[in-house]
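Here is the structure we will look at, set down as structure tokens.
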Amino acid sequence: MRMQAAPPSQPAPGRLPSGLRVYAIGDVHGRDDLLARLHAQIAADWRAAPATQAAIIHLGDFVDRGPDSAGVLDRVAGPPPIPGATAITLRGNHEAMMLDAVAPGASRQALALWLMNGGLATQRCYPQGVPERHLALMRGMKLTWEAGDYLFVHAGIDPRQPLEAQQESSLLWIREPFLSWTGPLPRVVVHGHTPAQLPQVRANRIGIDTGAVAGGPLTCLVLQDAGLRFLSAS
């Protein structure tokens, strides 16, 4: 099969190694219906114009607020929509809250924090309790992944600190001063966590949480070489 790159819709603020295409998916929050549609689009996109190598990365917040967190976790734990692709699942702040809330001996405060932030919808998915396979999946999620000029992370980074000094709380929770930072960062940061109506493309970051659980689309950023484009499911 002849390999060719799908044409980018716009220049990207960074570059990937030649031959690598990255599909990065924003916050799902229990919308397994949208994730299924987006995975189907990714598979079709790859069939139409494959590259040499594919990486599919989910940026966390799989659970809470939406109707089928269990289905989302099963889907991301299964085979990727492109056979042979590298699959990366990053932890979001909602996975962190859930793990704290359901851990043996968890405090009332941890449980209350999770439930008040959408955990009740997740709890309904598990009338018999959260299965170990889902707990193990969340415990094993990475906090960051890097490729080329890009750093992929759930929330962002503290722009005042080098990458090696980043705190887990910043990677999972930060908004400011990261979102308003206009200076350079060690990598172009691809993140979710903070919803917006449209993807946010800046010189130093790309935000792809478009509020899928609140009626917006579920967005996938497609990066290849020095270009970017988007897929979405609604």
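The values are calculated or read from the model by the stated rules, or taken from the named source; none is laboratory data. Computed from a predicted model, the values in this text were never measured in an experiment. Quick note on the areas: whole protein, heavy atoms, side chains included, nothing else; ligands and nucleic acids left out. Shrake-Rupley method; radii C 1.70, N 1.55, O 1.52, S 1.80 Å.
Dividing the alpha-carbon radius of gyration of the chain by 2.2 N^0.38 Å (N being the number of residues), what value is obtained? Display every interim value, and only then the final one.
Values: Rg = 17.2 Å, N = 234, 2.2 N^0.38 = 17.5 Å.
Compared with the compact-globule rule of thumb, the chain sits at 0.98.
Once you have the alpha carbon radius of gyration of region 107-234, what is it after dividing by 2.2 N^0.38 Å, with N set to its residue count?
Numbers: Rg = 16.5 Å, N = 128, 2.2 N^0.38 = 13.9 Å.
It is 1.18.
When all alpha-carbon pairs of region 48-160 are counted, what percent fall beyond 25 Å?
When all Cα pairs of region 48-160 are counted, 28 percent exceed 25 Å.
In whole Hz, what ³J(HN,Hα) sequence does region 210-220 give by Karplus (6.51, -1.76, 1.60; θ = phi - 60°), x for Gly and Pro?
Per residue, the Karplus-derived 3J(HN,Hα) values read 10, x, 4, 6, 10, x, x, x, 8, 10, 10 Hz.
Considering only protein heavy atoms and a 1.4 Å probe, what is the carbon-and-sulfur percentage of the accessible area of the chain?
Working: 5610 of 10540 Å².
Looking at the chain in its full context, I get 53 percent from C and S.
For residue 145, list long-range residues whose amide hydrogen, built 1.01 Å from N in the peptide plane, is under 5 Å from its own amide hydrogen.
152
Determine the calculated [θ] at 222 nm for the chain from helices alone, applying -39500 (n - 2.57) to every DSSP H run no shorter than 4 residues and normalising by the residue count; nearest 500 deg cm²/dmol. It would help to have the intermediate numbers written out before the result.
Details: 7 runs with 63 residues, N = 234.
Helix contribution divided over all residues of the chain: -7500 deg cm²/dmol.
For the chain, find the longest principal axis of its Cα atoms and tell me its angle to the long axis of helix 32-48, 0 to 90°, nearest 10.
Helix 32-48 and the main axis of the chain meet at about 20 degrees.
List the relative contact order of the chain as a percent without decimals, with contacts defined as Cα pairs under 8 Å and 6+ residues apart. It would help to have the intermediate numbers written out before the result.
On the way: 516 pairs, mean separation 66.3, N = 234.
In percent, rounded to a whole number, it is 28.
Find, to one decimal place in angstroms, the Kirkwood hydrodynamic radius of region 1-86, where the mean of 1/r is taken over every pair of different Cα atoms and then inverted.
On the way: mean 1/r = 0.0716 Å⁻¹.
Final number for the Kirkwood radius of region 1-86 is 14.0 Å.
Take the Cα atoms of region 106-147, find their three principal axes, and give me the spread along each one in whole Å, biggest first.
Over region 106-147, Cα extents along the principal axes are 37, 22, 19 Å.
Normalised by the number of residues in region 100-162, what is the relative contact order in percent for Cα pairs under 8 Å and 6+ residues apart? Spell out each step's value before the answer.
Values: 21 pairs, mean separation 8.5, N = 63.
It rounds to 14 percent for region 100-162.
Among rounded, prolate and oblate, which fits region 53-105 when a ≥ b ≥ c are the square roots of the eigenvalues of its C-alpha gyration tensor, a/c under 1.5 means rounded, and a/b larger than b/c means prolate?
Details: a/c = 2.55, a/b = 2.06, b/c = 1.24.
Judged from the Cα gyration tensor, region 53-105 comes out prolate (a/c at least 1.5, a/b above b/c).
What accessible area per residue comes out for region 134-234, rounded to a whole number of Å², with a 1.4 Å probe?
Values: 4320 Å² over 101 residues.
It amounts to 43 Å² per residue over region 134-234.
Once all Cα-Cα distances of region 176-228 are split into 5 Å bins that start at 0, what whole-number percent is in each one?
For region 176-228, the pair-distance distribution reads 5, 18, 30, 22, 17, 7, 1.
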